[in-house]
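Here is the structure we will look at, set down as structure tokens.
What follows is calculated from the coordinates using simple rules that are stated; it is not laboratory data. Keep in mind the model is a prediction, meaning the values are calculated, not measured.
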């Protein structure tokens, strides 16, 4: 984008330089003009695990190995407080 907007090179040349087709590069320019993307935003990643799901997993697996139904497992999770 910088090459096209600031250095004012033709779009077909910028597209060729960076490996885009001329049409795809024009679409990127149009989207950039309309939405003003912020390419350098620092995003904070969320948690990698779900605490309740991880706490319930061993119990669920044990009950499934004993051929309990989904409803039995739900009741067991409610009594343990993990649901």
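Take the alpha carbon gyration tensor of the chain, find the square roots of its eigenvalues, order them as a ≥ b ≥ c, and report rounded if a/c is under 1.5; if not, report prolate when a/b exceeds b/c, else oblate.
Prolate is the answer for the chain, as a/c is 1.5 or above and a/b outweighs b/c.
Please tell me the relative contact order of the chain in percent, rounded to the nearest whole number, where contacts are Cα pairs under 8 Å and at least six residues apart.
That works out to 18 percent.
With n ≥ 4 as the cut-off for DSSP H runs, can you work out [θ] at 222 nm for the chain, using -39500 (n - 2.57) per run divided by the number of residues, rounded to the nearest 500?
So the helix-based figure for the chain works out to -18500 deg cm²/dmol.
Given 0.36 nm per residue, what is the gain on full extension from residue 48 to residue 17 after removing their alpha carbon distance, in nm?
7.3 nm
For the Cα atoms of the chain, what angle does the longest principal axis make with the long axis of helix 70-80, in degrees from 0 to 90, nearest 10?
Long axis of 70-80 versus the principal axis of the chain: about 80 degrees.
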